[in-house]
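See below for the structure under consideration.
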Amino acid sequence: MKNSLVIIMILLLGFLFYGVFTQINKTSSKNLKRVPCQNTTTTFEKINTEADILKAIQLLESNSTKIDGYIDYSKFMKSNIKDKVSNEDIKQRISKIVTTYKINDLKTNDTLNIKFYIYENDREDKRKKGDSCKVYAGYIVLEFSLNNQQVYKIQTDYMKEDTSDLDERINCAIKSLVLLK
């Protein structure tokens with residue numbers, strides 16, 4: 001009887017320790033990001049492992065890209081960025097940053113499509129829940145597609161209302177794609 005009670009206690013303690021360590025590992029690995037620059041602000045990424053990631057990176061590195069997108073300015077408060085950035089401005093910024101990754105002159109008919117979406121955080125929106133939603137200035141989403149198939153998508157916050165950190169966030173997003181090779 002004593003032996004079976006000791007065995008049951010050891011098994012219970014073993015399961016308890018296993019559960020605690022499993023949860024600790026899940027929590028700590030969830031907060032770690034794949035690329036160091038992703039730790040600067042809140043960043044989410046989606047990698048399509050079935051897409052031709054290497055070809056997408058090759059096209060980016062040969063500057064065979066097409067850039068398009070839009071900006072969602074604040075609606076409930078006066079926009080801080082409407083007079084500072086436009087779709088054309090963002091296209092030029094992305095293009096300039098993509099050019100810094102150019103390492104080859106691959107001649108191809110294929111194009112890597114880069115679609116951007118910029119959201120300006122509307123702090124006056126009554127649907128916002130809590131002050132934590134009002135910390136960041138906005139976020140940018142960059143979606144990289146090849147032959148109408150999403151290869152990689154990343155969303156990262158920018159923190160400065162004058163968008164002075166936006167280029168840094170765009171660079172981080174592109175670097176995150178390139179480092180998939």
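The values are calculated or read from the model by the stated rules, or taken from the named source; none is laboratory data. Worth saying up front: this structure is predicted, and the values here are computed from it rather than measured. Because the Cβ atoms are built from the backbone with ideal geometry, glycine has one as well, and the counts that use them run over all protein chains shown. Calculation scope for accessible area: heavy atoms of the full protein, side chains included, ligands and nucleic acids excluded. Shrake-Rupley method; radii C 1.70, N 1.55, O 1.52, S 1.80 Å.
Find the residue count for segment 37-61, including only residues that are in a loop (DSSP other than H, G, I, E, B) and closer than 18 Å to residue 170 by Cα. Number satisfying all stated conditions: 3. Within segment 78-127, being touching a strand residue (DSSP E or B) at 6+ places or on another chain (Cβ under 8 Å), β-branched (Val, Ile, Thr) and open to solvent by less than 50 Å² (accessible area, probe 1.4 Å) holds for 81, 85, 90, 94, 98, 114, 118. Residues that are at pLDDT 95 or above, closer than 17 Å to residue 165 by Cβ and touching a helix residue (DSSP H, G or I) at 6+ places or on another chain (Cβ under 7 Å) do occur in segment 126-141.
With respect to being of a type in the set (Gly, Ala, Ser), within 28 Å of residue 61 (Cβ to Cβ) and open to solvent by 50 Å² or more (accessible area, probe 1.4 Å), residue 132 falls outside the description. Suppose we filter segment 147-181 for residues that are in a strand (DSSP E or B) and surrounded by 21 or more Cβ atoms within 10 Å (Cβ to Cβ); how many remain? Residues meeting the conditions: 5.
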